[in-house]
Amino acid sequence: MNVVRCHTFAAFELDENGNLHRRKSGVAPLKESLSLDVIPIPDLNDQDDDEDDNYDETILIETSYAGVQYPDALQAQGLYQIQPPLPYIPGMDVTGVVKQVGSSVTKFKVGDRVMATMTSFGGNGAMASFVKASETSVWKIPDNVPLSACANLGRNYYAAYHSLKIVGEISPGQLVLVDGASGGVGMATIELAKAMGCYCIAGVSTKDKMQYPKSVGADLVLCYGKNRKSYKRFKDEVKKASADLFGHPRGVDVIVDMVQGELFDTALLSCVRPLGKICLVGFTAGQKLIRPGILLVKEVCVVGSLWGRWAVENPEQHTENVYEMLHYLARGDIKPRVDRIFPLDRFIEAFQLFENNKGRGNTIVCFREEDQQRTNHPSEILRSRL
């Protein structure tokens, strides 16, 4: 079967003793680390082929689509918080059709249209023609939802929904502010916040990115720029809009922050209402110290938002959350959307988008196209012709 594999970390090199060190010459291009390889198809009946003892609870999926997001590129560079053993197969999200089930599997059968979330070593193993996954990490996809629309659910929507529902505890009518809103998680946050009955202000760093959050339903899109002066202007604009447009004079209820950096202290802390929450998802602008005195004065709750640990410790609730998101897709509250599809022989271009900070929304690699006649929901796909 065909697999994408990472053989070296692009930001590291081996010394004479076989130890990894940061490359003095900088980060190498990802095309030097990733390759399209051929390896045997896994067999559920081969117990020696399994990485754990639960081979009878696993499912073999023939892959249609696998998602690519910023963490996948970062991990291939060796700069993610988790470095898997080399070589490894990247990718957290995969969709396809069940080809084989273990003897203890009860919820799935051969032919089911499914999605799976690969969680080992921070999320990898999806970019292969056939994928093995635990039954607890597989979900059925509604018949009217294209497989392509679910190929980034884990990377994007899990983080967004965890921030909104579990950490932010939002309710209908509340006001949500999302920064980094043109990225995959940012756009997913907007879509889910709207589906959950909230108002949403989106923030982006440059004006050319404003079209992306607008396209998924943001009520207002503002540009925060890249310096302290523009951050302060953004703060004033958010506070004015909160009061005048949305009837929230004390500020927004929840901020989902992908940026951190100086934006956090200069603008975000003044945008949230007293006892409101900032859900910290990432820090694309770098990490800055958070002053506890400011949090005290502003009466703001800042919470790190990582869905993985919570999902492991609360599997039933996590499963419920996933099916709620799939229900939003099936009902049309969230439009099935793929921003870029790359054929397998051009997989490296998907990684290069994020390597060069040009990734937007949902980017996927196609292993095997789904027959679109099987779905009756319009698939809003922009197929890459670059």
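Structure above, values below:
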read-out	value
Residue-averaged 222 nm ellipticity for the chain, from DSSP H runs of 4+ at -39500 (n - 2.57), nearest 500	-6000 deg cm²/dmol
Förster radius 56 Å - calculated FRET efficiency between Asn45 and Ala243, Cβ distance, rounded to 0.05	0.30
Förster-model FRET efficiency, 35 Å R0, Leu14 and Arg309, C-beta, rounded to 0.05	0.65
Crossing angle, helix 184-195 versus the chain [Cα axis fit, 0-90 degrees, rounded to tens]	70 degrees
Cα-based helix-to-principal-axis angle, 315-331 vs the chain, degrees rounded to 10	80 degrees
Share of carbon and sulfur in the accessible heavy-atom surface of the chain [1.4 Å probe, %]	50 percent
Theoretical gain in end-to-end length, Ser270 to Asp143 [0.36 nm per residue, Cα-Cα removed]	41.3 nm
By average C-beta atoms within 10 angstrom, highest first, the peptides 16-26, 78-88, 123-133	123-133, 78-88, 16-26
Accessible surface of Lys140 - all protein chains present, 1.4 Å probe, nearest 10 Å²	80 Å²
Probe 1.4 Å, accessible area per residue of the chain, Å²	46 Å²
Top positive-direction residue, dipole computed over the chain with Cβ charges, set Gly217, Ala116, Ser163	Gly217
Sites Asp345 and Gln287, calculated FRET efficiency, Cβ-Cβ separation with R0 56 Å, nearest 0.05	0.90
Set of aspartates and glutamates near Lys24 by C-alpha distance (under 18 Å), chain-local residues within fewer than 8 positions excluded	Glu13, Asp15, Glu16, Glu32
Normalised contact order of region 131-238, rounded percent, pairs of Cα under 8 Å and 6 or more residues apart	19 percent
DSSP bridge orientation in the chain - percent antiparallel, rounded to nearest 5	55 percent
Relative contact order (%) - region 75-137, alpha-carbon pairs under 8 angstrom, separation at least six	36 percent
Cα-projected label distance for Asp37 with Arg233, points at 7 Å along beta-carbon direction, nm	5.0 nm
Spin-label model distance (nm) - Gln81 vs His7, 7 Å beyond Cα toward Cβ	3.1 nm
Size of charge dipole - the chain - debye, nearest 20, with Cβ of Lys, Arg +1 and Asp, Glu -1, no other charges	2320 debye
Check: region 110-193 dipole with +1 on Lys, Arg Cβ and -1 on Asp, Glu Cβ, in debye	180 debye
17 Å Cα-Cα reach of Lys109 towards lysines, excluding residues that sit fewer than 8 places from it in its own chain	Lys99, Lys132, Lys140
Whole-number percent relative contact order across region 1-103, with pairs defined as alpha carbons under 8 Å at least 6 apart	36 percent
Extension gain from Asn357 to Val27, taking 0.36 nm per residue of separation minus the Cα-Cα distance	117.4 nm
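The values are calculated or read from the model by the stated rules, or taken from the named source; none is laboratory data. The model shown is predicted, which means the values in this text are computed figures rather than measured ones. With ideal geometry, Cβ positions are generated from the backbone for all residues, glycine too; neighbour counts draw on all protein chains shown. The protein model used for the area step is the full one, side chains on, heavy atoms only, and it has no ligands, DNA or RNA in it. Shrake-Rupley method; radii C 1.70, N 1.55, O 1.52, S 1.80 Å.
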